[in-house]
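Input: a single structure, listed below in C-alpha cells.
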Amino acid sequence: MFLVPDSHQVTSEGGMATVRPSIAVCDAPCKSHYFITAGRVEWLPAFSDALAGSVMRGQIARHAAVDAKRRSWGSRVRAVVARAYNKLKSILGL
C-alpha cells in the first residue's frame, strides 16, 4: 500500500489496483464518482452540482492547509498581513 495525492491509498489485490477512498471527478461535466476495487470500476451515482462544489471546496481547503504547513513562518506572516490589508481596503472602499 502507498499514499497518493489527496489521501488516496492504492493497494494490490491479486496484482490489480484497489483505490480508496472513492474517486470523484467534480470539475468535469460528468461529475462522475467511483471506486476501483481489484482493477474493476464500481460506479456510484454522479454528484449533483451542489455536492460537487462542496467536495471541491473541501479538497481546496485540505490542500491549502498542507501548503500552509510547508510555508515558512515569514511567508505565513506576510500572507496574514496581506489579507488584513486587502480586507481593510475593501472596508474603506479603496
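Conditions (1) open to solvent by less than 70 Å² (accessible area, probe 1.4 Å); (2) in a helix (DSSP H, G or I); (3) under 19 Å from Ser7 (Cα atoms); (4) not aliphatic (A, V, I, L, M), marked per residue:
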{"site": "Ser22", "(1), (2), (3), (4)": "yes, no, yes, yes"}
{"site": "Cys30", "(1), (2), (3), (4)": "no, no, no, yes"}
{"site": "Tyr34", "(1), (2), (3), (4)": "yes, no, yes, yes"}
{"site": "Pro45", "(1), (2), (3), (4)": "no, no, no, yes"}
{"site": "Leu88", "(1), (2), (3), (4)": "no, yes, no, no"}
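For the range 54-86, give me the residue count where each residue is open to solvent by less than 70 Å² (accessible area, probe 1.4 Å), modelled with pLDDT under 90, of a type outside the set (A, V, I, L, M) and assigned to a helix (DSSP H, G or I).
The number of residues fulfilling the criteria is 4.
The values are calculated or read from the model by the stated rules, or taken from the named source; none is laboratory data. The shown structure was predicted, so the numbers you read here are calculated from the model rather than taken from an experiment. These area figures cover heavy atoms from the full protein model, side chains too; ligands, DNA and RNA do not enter into them. Shrake-Rupley method; radii C 1.70, N 1.55, O 1.52, S 1.80 Å.
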